[in-house]
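Following this message is one structure expressed as structure tokens.
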Amino acid sequence: MRGFSLTLLLALALAMGMTGCSQKSTDNRATKMHWDRDMCERCKMAISERKYAVQAVDPATHKVYKFDDIGCAVLWFDEEHIPWKDRAKIWITDAKTGEWIDARTAKYTDDSITPMAYGFAAYTDATFPKGHVPRDYDYVVKKIFAIEKINNEKLKAQQTGVPK
């Protein structure tokens, strides 16, 4: 009987641990971040920088995917061929307040030092810094793909020893 109880206890602990790994949003809102513990879905780095974090919510399952940089989120949608990417609710932290804002309607600057060096910081109209040119989500997406293309060309040249 004691062996059965121990086995049951271990099974329950394992089941509870497994369900804790997957976060869901009941209302397509951003979920609580566990800073320095949650991992970026694409690059697998710990998400530490509170000014550039991103969450994408699958509209059908409400599963939440977390990223350390808007660049990782954009590229993950493309690389993983996510069929719901156009319907995803994407949240990004306002670089000034740390509040979650809609990434598709945010205003962006393109000169920040971000975790994966894509350089985009998001703001609302109220928090957007003076003296910057506001960029929209579509601009950010296009620029991320351009940056990634350049990075891949440099990497290929390093690997083959042939300068571009």
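For the residue pair Ala126 and Ala146, what label-to-label distance in nm results when each label sits 7 Å from Cα along the Cα-to-beta-carbon direction?
It is 3.2 nm.
Further question: For segment 24-160, how big is the tail of P(r) above 24 Å, as a whole percent of Cα pairs?
That tail contains 26 percent of the Cα-Cα pairs.
Test of understanding: what is the full-extension gain from Lys24 to Lys156, defined as 0.36 nm times their sequence separation minus their Cα-Cα distance?
Computed gain between Lys24 and Lys156 is 43.7 nm.
Hey, fewest Cβ within 10 Å first, where do Val140, Val133 land in order?
Details: Val140 23, Val133 10.
Ascending number of Cβ neighbours within 10 Å: Val133, Val140.
Read the figures in this text as sums done on the coordinates, not as results from a lab. Please read these numbers as outputs of a predicted model, since none were measured by experiment. Because the Cβ atoms are built from the backbone with ideal geometry, glycine has one as well, and the counts that use them run over all protein chains shown.
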